[in-house]
1. Just one of GLY150, GLY103 is open to solvent by less than 50 Å² (accessible area, probe 1.4 Å) and touching a helix residue (DSSP H, G or I) at 6+ places or on another chain (Cβ under 7 Å); which is it?
2. Which of the residues spanning the stretch 56-97 are open to solvent by less than 50 Å² (accessible area, probe 1.4 Å) and of a type in the set (Phe, Trp, Tyr)?
3. Quick one: which of ASP320, ASP340, ASP282 is surrounded by 12 or more Cβ atoms within 10 Å (Cβ to Cβ) and either aromatic (Phe, Trp, Tyr) or modelled with pLDDT of 55 or more (or both)?
4. Of a type in the set (D, E, K, R) and in a helix (DSSP H, G or I): which single residue out of GLU92, GLU75 fits that description?
5. Out of ILE53, ILE67, which single residue is more than 14 Å from the chain's Cα centre (by Cα), at pLDDT 90 or above and not hydroxyl-bearing (Ser, Thr, Tyr)?
6. Just the residues that are under 24 Å from PHE269 (Cβ atoms) and over 15 Å from the mean Cα position of the chain (by Cα), please, taken from the stretch 121-151.
7. Taking the conditions exactly as written (under 18 Å from TYR186 (Cβ atoms) and of a type in the set (Phe, Trp, Tyr)), does PHE212 satisfy them or not?
8. For VAL143, which of the numbered conditions (1) modelled with pLDDT under 90; (2) closer than 11 Å to PRO33 by Cα; (3) hydrophobic (A, V, I, L, M, F, W, C) fails to hold?
Amino acid sequence: MSTTMAEAPAPHAESGNSPSVCSDQKAGQSKRPTCILVLGMAGSGKTTFVQRITSHLHAKKKPPYVINLDPAVHEVPYPANIDIRDTVNYKEVMKQYSLGPNGGIVTSLNLFATRFDQVMQFIEQKTGQTEYVILDTPGQIEVFTWSASGTIITETLASTFPTIVVYVMDTSRSINPVTFMSNMLYACSIMYKAKLPFIVAMNKVDIISNKFAVEWMTDFEVFQEALESETSYVTNLTRSMSLVLDEFYAGLKNVGVSAMTGEGIPEFFDLVQEGVVEYEKDYRAEYEKLKAEKEQKERSRQKDQMSRLQNDVNLGGQGDMEVDKRLKGMVITPGQNESDSDEDFRNEPEEDEEEQREYESFKRFIKLQKDRQQQKYEASQGITEATQGDKT
């Protein structure tokens, strides 16, 4: 895969903010790829949705740059340009740090986030070559939305590129008003935490239309009528929360889509373009300010680190140098071609010494049991022959 940066236009000789210079700057900004950060509950069809929009863009001759951030997924149904599994071994992380599945995902994502500056370099090299960068997040949504690594990745992207957050909702499981309200509350919390243009993609409209959900968001009375049939304790809370979310619904972009059939995908990208305009108007200045503050902190940190390093050298210390050596060992590499690497992933033997020892132990146990059965059989045959000889 070529990672050559597109040639920059020749600079103008004139100085000052002439109209031609301003137009060139706007043109350069418009060529920056739009980052689409896809979030969703487990089972909402998030990864299938990523596959659908990826194939849609390929059909439009606009191949996206796709990044998989789920370290625990066995295979992905789309060609990933950067895959976290190529950098961090999820099973090895669980084993080394004695973690469970969710802890392993969080730690893997944290390790990957420490080298996300390398990912940013690969994306910047695609400026002018691709229009969209699509990021598929872990199936456990809370792992990304409420972790430090999720915040780092989101803010790093948004400080440089137009970034849109997409929340994939399972429409077929939201026909219950209480479940629907739970989804909307989660979407609301993500939107206000991310502070970025936000789109709710109501997936699986091939199973059931999303018209009921749109009506519940726009007509308070209709939603209250739907709640009348609910008799659970949480119904009163849901009724109260529906009043609070009116302001949230008013500015919420939503679209019904089907990851299976492709229905609603063109309308989804129309909303993405609206989100880019919203980013440039309302969010870009804030994130550029945040980026400048982080750069200032980084310069201060580096200055402090150099002072400590100088002290260590003078004192013969090795502490910080050893840490730097360990961190430099992890490098993120993009895919070498556009083809999916799932086949290579499946064919790679998993080197698990513990499993191998268990397998060998099991084989010895089976052999021992067979030998004992054989000895019992031979002994019983000898007794039978001896008895028959006595009778004769």
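1. Matching residue, one of GLY150, GLY103: GLY150.
2. Answer for the stretch 56-97, where residues must be open to solvent by less than 50 Å² (accessible area, probe 1.4 Å) and of a type in the set (Phe, Trp, Tyr): TYR65, TYR78, TYR90.
3. On the way: ASP320 fails: either aromatic (Phe, Trp, Tyr) or modelled with pLDDT of 55 or more (or both); ASP340 fails: either aromatic (Phe, Trp, Tyr) or modelled with pLDDT of 55 or more (or both).
One residue alone meets the criteria, ASP282.
4. Working: GLU75 fails: in a helix (DSSP H, G or I).
Going through GLU92, GLU75 in turn, just one is of a type in the set (D, E, K, R) and in a helix (DSSP H, G or I): GLU92.
5. Testing whether each residue is more than 14 Å from the chain's Cα centre (by Cα), at pLDDT 90 or above and not hydroxyl-bearing (Ser, Thr, Tyr) leaves just ILE53.
6. Answer for the stretch 121-151, where residues must be under 24 Å from PHE269 (Cβ atoms) and over 15 Å from the mean Cα position of the chain (by Cα): PHE122, ILE123, GLU124, GLN125, LYS126, THR127, GLY128, GLN129, THR130, GLU131, TYR132.
7. When the stated conditions are applied, PHE212 does not pass them.
8. Among (1) modelled with pLDDT under 90; (2) closer than 11 Å to PRO33 by Cα; (3) hydrophobic (A, V, I, L, M, F, W, C), VAL143 violates only (2).
The values are calculated or read from the model by the stated rules, or taken from the named source; none is laboratory data. Bear in mind the structure is a predicted one, so any value in this text is a computation, not a measurement. Every residue, glycine as well, gets a Cβ built from its backbone with ideal geometry; the counts of neighbours run over all protein chains shown. For accessibility, only protein heavy atoms count, side chains too; no ligands or nucleic acids. Shrake-Rupley method; radii C 1.70, N 1.55, O 1.52, S 1.80 Å.
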